[in-house]
Structure formats: C-alpha cells, structure tokens
1. Within the stretch B:111-119, is there a residue that is assigned to a helix (DSSP H, G or I), in contact with a Phe, Trp or Tyr (Cβ under 6 Å, 6 or more places away or on another chain), loosely packed, with under 15 Cβ neighbours inside 10 Å and not small (Gly, Ala, Ser)?
2. Determine, yes or no, whether A:LEU190 is over 25 Å from A:HIS54 (Cβ atoms), under 14 Å from the mean Cα position of the chain (by Cα) and in contact (Cβ under 8 Å) with a residue 40 or more places away in the chain.
3. Can you find a residue in the stretch B:325-348 that is over 17 Å from B:LEU98 (Cα atoms), within 14 Å of chain A (Cβ to nearest Cβ) and not in a helix (DSSP H, G or I)?
4. Provide a single number: the residues in the stretch B:272-314 that are among the polar types (S, T, N, Q) and more than 16 Å from B:TYR132 (Cα to Cα).
5. Can you pull out the strands (runs of 3 or more DSSP E) entirely within the stretch A:144-258 that have at least 2 residues that are within 16 Å of ligand 2 (Cβ to nearest atom) and within 14 Å of chain B (Cβ to nearest Cβ)?
6. Considering the stretch A:67-95 alone, what residues qualify as being among the polar types (S, T, N, Q), touching a residue at least 40 places away in the same chain (Cβ under 8 Å) and either more than 16 Å from ligand 1 (Cβ to nearest atom) or loosely packed, with under 14 Cβ neighbours inside 10 Å (or both)?
7. Hey, among B:ILE185, B:ILE213, which residue is buried (at least 20 other Cβ atoms within 10 Å of the Cβ) and under 28 Å from B:ILE289 (Cα atoms)?
8. Which count do you get for residues in the stretch A:55-80 that are more than 11 Å from chain B (Cβ to nearest Cβ) and within 16 Å of ligand 2 (Cβ to nearest atom)?
Amino acid sequence: MAKRIDVSGLTAYYGSHKAIEDISMTVEPRSVTAFIGPSGCGKSTFLRTLNRMHEVTPGGRVEGKVLLDDEDLYGAGVDPVSVRREVGMVFQRPNPFPTMSIFDNVAAGLRLNGNYRKSELNDIVEKSLKGANLWNEVKDRLSKPGSGLSGGQQQRLCIARAIAVEPKVLLMDEPCSALDPISTLAIEDLIGELKERFTIVIVTHNMQQAARVSDRTAFFNLAAVGQPGRLIEIDDTERIFSNPSVQATEDYISGRFG
Amino acid sequence: MSTAAVTDKRPSTLRAASLPKWTPWAIAAGSVALGIGISAAAGLSSKIQWGLIAAVLFVLGTYGIAARVEGRRQAKDRVATSFVWVAFVVAVIPLVSLIWVTIARGVKVLDVYFLTHSMGVVADTEPGGGIYHAIIGSLEQVGLATAIGAPIGVLTAIYLVEYGRGRLAKAVTFFVDVMTGIPSIVAGLFILSLMLIFEMQPFGFAGSLALAILMMPVVVRSTEEMLKLVPNELREASLALGVPKWRTILKVVLPTSIGGITTGIMLAVARIAGETAPVLLLVFGNPFINNNPFEGAQASLPLYIYQQFANSAGSGAAYDRAWAASLTLIAFVMILNLVARGIARWKAPKTGR
Ligand SMILES: Nc1ncnc2c1ncn2[C@@H]1O[C@H](COP(=O)(O)OP(=O)(O)O)[C@@H](O)[C@H]1O
Ligand SMILES: [Mg+2]
C-alpha cells in the first residue's frame, strides 16, 4: 500500500542554522523519485524530515507540512514512532545490527516492535530477504552474524530489514555510494522491483543512477555556502536530463557546476 | 653511481649491516651481570641500585653497540625500544614480586579448613581459625553494594549518553566527577553520621551503602565510555524501523556494549572488594560468623587482614593468616577479572561468517 507524500513550505534547522528552506513537492505513490544536488545542499536533511528522523539530531527542528495521504506527519499528537513504521529508511553506510544474526536482523523491526505472530516470522523473513534479492545468498547461513556479509549484501540486508515491517514509503540516502558497481546494479534492479509495492525516494550523487532508476528527479541547490538549501525544480526524470527548465539544473547535470 | 658498480665490496644502499636478533638479550644479560659486578665491587647492598645500574648500562650499551654496527639512526631507534622495555620491566617487577610474596607467604595456612572456619574463640595471637566469616561478609557486603551501585550507575550513564541535554546533565556529570574523588573514609563517615542520627549499631549493609557510593561513579564513567562507542548509525537504524527509543536502548545499544559495561562493573567491584576504611567504620569486624548483613557486626576480607596485622602482637600465626587472606582476596579479584573478560569476549559483537 504505497502512499503519496505532499510537502509544503518545509524548513528545517540544526539549532539556529537553517539547513533547508521552503521546500514544496509531491511524491507520487508507486514511483521512484531521485534527489540530486551538490553536497551540503540539504538532501539528507530533507529526506530525514520525511520520516521525522531529523528531530533525532540534537537541535533538529522542522517547520511546514508533510502530508502522507492527507495526514500531516507534523500534526499535533502525531507519534514519530508510528510515522517511522510507515516510512522506512535505508542509510548511506550499511548498518546491520552487529549483535544479531542475519535472521534476527531482518526480524528486528517486528521483534522490537513486538507486534507479530511467531508462526509468521519465518515467512516474513523469507519474503523480505527474497524481496531484497538476498535469499539465495544467505538461506544457508541465516543464523550467522550479518556483519560477515559483503558490503553489497549488507546493504540488501538493511533493505530487507526495512521492508520487513511493511512500510508505505522507503527512503534511501545514497544507498550505493559505499558499494562496488556490481552491488550497485543489484540494488538498482531491486529498486525497480520495490517500486511496485512502495513509494521510493532516493538520494544519489550518481546522475546515471538517477537517470536509470527514477521516474521523477528533484534538483536541490544552495545559493552560497552557509545559505539554506532549496528545491530548484522537480520534474519527470527524462525532462530533467534532456531539457530542464532551470539553467542551474542543466549546468549541474552537464558538469558545468562550480 | 650506476647499478653495475654495485658489487659485493660496495654494499647496496638499501641493505645495511644489522645486529643479529639475539643482540638485545645479550646486551641485557651483559648489563645485568656488569651491574651486579660493579655493585658488588663498590659494596652497594641494595638490589634497587643494582637494577638501576643494569638498566642504565642496558640503554647506553644498546646505543653504543648499535651506533657502531648499524649507524646512528638505527641506534636511536633501538634506544627508544630499550627505554620501552626498561619501563615495562620496572612496571612489572613490583606486580610480580607482590604476587610472588603473597603466594609464598599465603599458601602456608591456606587450606580447606582455613576457608571453612571462622576465628570464633581463637585468640588473634594463636594459630588456627580461618576466614569463612570474612568471606561471607565480603561477599554479602560487596554483593549488596553491587546490587545497588551497578544499576544506578548504568542507568545514570544511560541518562547522560542517551537523554542528557542541558543543565541537568551537566550537573550530574559534575557530581559524578566529584564523587570519583571522594576518599573512601569520607564515604564511610557520611554513612556513619546517618547511623549516629538513627542510633544504629554497626552492620554489614551500612558498609554496602558506603561501598555503593564509591562504586557508582566508576560504573558511570566506564559505562558512559562504552555507550559512546556504540555507533549512532545503529541507534538511527533502529529508530528508523519505528522502534521506540527506550526499546532501542534496551535491545540495540545495551546488547552492543554489554561486554564493555560488564568489564567496567567487574573492575569497580574489584576496587571496592579491597576497601578497608569504610568497612572498619561501619561494619566493625566480628570474629564469629554472621550471615545476616542487616544486623550485627560482620567481618570482611580486607578488614580481617588489617585486624590480623593490627592485633597480632608480633604473633607469626596472625601474620600467616593475614597473608593467606590477602591471597584469597587477590584470587577473588583475579577471578572477577577473568569472568569479566570471558563475558566481554562472549558478548562482543560477532564478526566472521
Ligand atoms: N548533524 C548536523 N548538525 C548540524 N548541521 C548539520 C548536521 N547535518 C547536516 N548539517 C548541515 O546541514 C546542511 C545540509 O547537510 P546535508 O543534509 O547532509 O546535505 P547533503 O545530504 O545534501 O550533502 C549542511 O550545511 C550541513 O553542514
Ligand atoms: Mg547526504
């Protein structure tokens, strides 16, 4: 059950530092949206406001609205914990839980939340690992520690862990930047399959990757160092890469950017 | 200089003359022999003087020989290495000799009888008796102190690392720092003043309270360091799965750091197990077996050692008992350390495939 995200007038701070300013966009369900832009323009910050992980950072503060199918994530009385169950996240560096086996890593979300039936657990773990294209590689060593896997396998393990709790939206922050080209390809294929079930937002520094995997692309930029990052434009990926409406986007994509 | 010119007579610029592997040992043996010889000739009687002369000879000799054969740069390198070795030996000698003396003197009366009997009516100057009552006292007082100090310490550390922001956290950190510096006798006096207000007689649990005060800051400090070592990414990974913060701490942060935390607790236990002053003030000492830590005076191992020395009136039997009790105490602390290491290894985050 993928859901739509509607962001309007979103501004995020770290303490007194304004990291991103006045961002509005719509992310369609069952699609892949890519965020591109130079380092430090606030892509990660914006991504983390979408599942209320931003406020985990000391001093993190958000203004504006994020609607998940018409429900405001920042509305009064909304529990960030429930938000994060709806909106899952995969991080830049693979971070499986080091004390847990492969099986336990995938089961972690369900176990730690305590809402599952024992009989279902095996099926869910298998389904999630299959969903992350990792099942065949690990099915004989489910009880081995997750940290014994390769970087690419670990990242797919993290994806399996994230989809095991059945979120509606999956956020990925440069999920391939620590991986080799083969593992990257594996994850890109996986993203193509996952978008049938989830709304996917992916931050990437790799233009080709954005062009390959995404349906829509958003370009972020900042006016100058120290200024807050802004959304420059968001459009169909094809259009952004062939004929963007803003000059800065074209400069960035063609490598003419500072 | 062309490569063709490099012959056997003109050694390669990359290869230089080097001393054989056993050289440091030979120099060490030589300088020890020379040190003893010089000292004997000069009529120095102190072994410390012998050792110092040998150490100086070792460093100088290493430099001289290496400078002659290998060149000045290698000589400096070897001197640095030999300083490290000398420092290591100087640090280890007291430890080894302490353990050696304790074992040599302690085994004399250390047997099953000694471990299973109290002093009872045995006078301090006579042979016989044992430390059963002191072992019971130590176990109960230290156990109760740990049961109080360890949880409070760990929870305080969790507060400081996971939740603490702003003034309250700063104040707590400050008080923990101050507590770390409290002398044990002051902790004892503090509890004693409370006991005097309520007109209570000495009892084991009072000692436990003072020991818990001493233990807490140590546990807080070590646990804090261990929790800080847990990568933030793991906390975020768990939070992003929709796991509440307290469960994240309980199921992800603590399991990841439990090995280090237990080691810290064990070290703190080892520290308080040897405390004498507060026990003397608050538990008083008792030659009879008292299994109840909540009523009546008790003994404890360090207190027993102190009292055997103090009340011995020069009796060899009391000295022997004191050494045997010391050996028991050291063994107890060592076992704790081994257990801590075992737990740390067993619980360490798993690697490999
Ligand atoms: N934890 C933090 N504390 C303070 N400032 C931060 C923190 N993380 C990021 N920032 C600031 O926010 C801005 C955006 O950073 P980020 O979202 O990481 O950019 P991107 O992911 O696009 O490279 C940067 O100016 C950065 O310095
Ligand atoms: Mg980033």
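The values are calculated or read from the model by the stated rules, or taken from the named source; none is laboratory data. Quick caveat: nothing in here was measured; it's all calculated off a predicted structure. We place every Cβ from the backbone using ideal geometry, glycine too, and count neighbours over all the protein chains shown. Heavy atoms of the whole protein, side chains included, go into the accessibility calculation; ligands, DNA and RNA do not. Shrake-Rupley method; radii C 1.70, N 1.55, O 1.52, S 1.80 Å.
1. We begin by selecting, within the stretch B:111-119, every residue assigned to a helix (DSSP H, G or I); these are B:112-116.
Now restrict to residues that are in contact with a Phe, Trp or Tyr (Cβ under 6 Å, 6 or more places away or on another chain): B:116.
Filter once more, keeping what is loosely packed, with under 15 Cβ neighbours inside 10 Å: B:116.
So of that shortlist, the ones also not small (Gly, Ala, Ser) come out as B:116.
Yes, the stretch B:111-119 contains a residue that is assigned to a helix (DSSP H, G or I), in contact with a Phe, Trp or Tyr (Cβ under 6 Å, 6 or more places away or on another chain), loosely packed, with under 15 Cβ neighbours inside 10 Å and not small (Gly, Ala, Ser).
2. Numbers: over 25 Å from A:HIS54 (Cβ atoms): yes; under 14 Å from the mean Cα position of the chain (by Cα): yes; in contact (Cβ under 8 Å) with a residue 40 or more places away in the chain: yes.
It is true that A:LEU190 is over 25 Å from A:HIS54 (Cβ atoms), under 14 Å from the mean Cα position of the chain (by Cα) and in contact (Cβ under 8 Å) with a residue 40 or more places away in the chain.
3. Kept after step one, since they are over 17 Å from B:LEU98 (Cα atoms), are these residues of the stretch B:325-348: B:335-348.
If we keep only those that are within 14 Å of chain A (Cβ to nearest Cβ) as well, we get B:343-348.
Now narrow it down to the ones that are not in a helix (DSSP H, G or I): B:348.
Within the stretch B:325-348 (the criterion being over 17 Å from B:LEU98 (Cα atoms), within 14 Å of chain A (Cβ to nearest Cβ) and not in a helix (DSSP H, G or I)), the answer is yes, since at least one residue qualifies.
4. 3
5. Details: elements: A:169-173, A:199-203, A:216-222, A:229-236.
Where strands (runs of 3 or more DSSP E) fall fully within the stretch A:144-258 and carry at least 2 residues being within 16 Å of ligand 2 (Cβ to nearest atom) and within 14 Å of chain B (Cβ to nearest Cβ), they are A:169-173.
6. Within the stretch A:67-95, the subset among the polar types (S, T, N, Q) is A:82, A:92, A:95.
Checking which are touching a residue at least 40 places away in the same chain (Cβ under 8 Å) leaves us with A:92, A:95.
Hit for the stretch A:67-95 is A:ASN95, nothing else.
7. On the way: B:ILE185 fails: buried (at least 20 other Cβ atoms within 10 Å of the Cβ).
Being buried (at least 20 other Cβ atoms within 10 Å of the Cβ) and under 28 Å from B:ILE289 (Cα atoms) holds for just one of B:ILE185, B:ILE213, which is B:ILE213.
8. Kept after step one, since they are more than 11 Å from chain B (Cβ to nearest Cβ), are these residues of the stretch A:55-80: A:60-78.
Now restrict to residues that are within 16 Å of ligand 2 (Cβ to nearest atom): A:60.
Counting residues in the stretch A:55-80 that are more than 11 Å from chain B (Cβ to nearest Cβ) and within 16 Å of ligand 2 (Cβ to nearest atom) gives 1.
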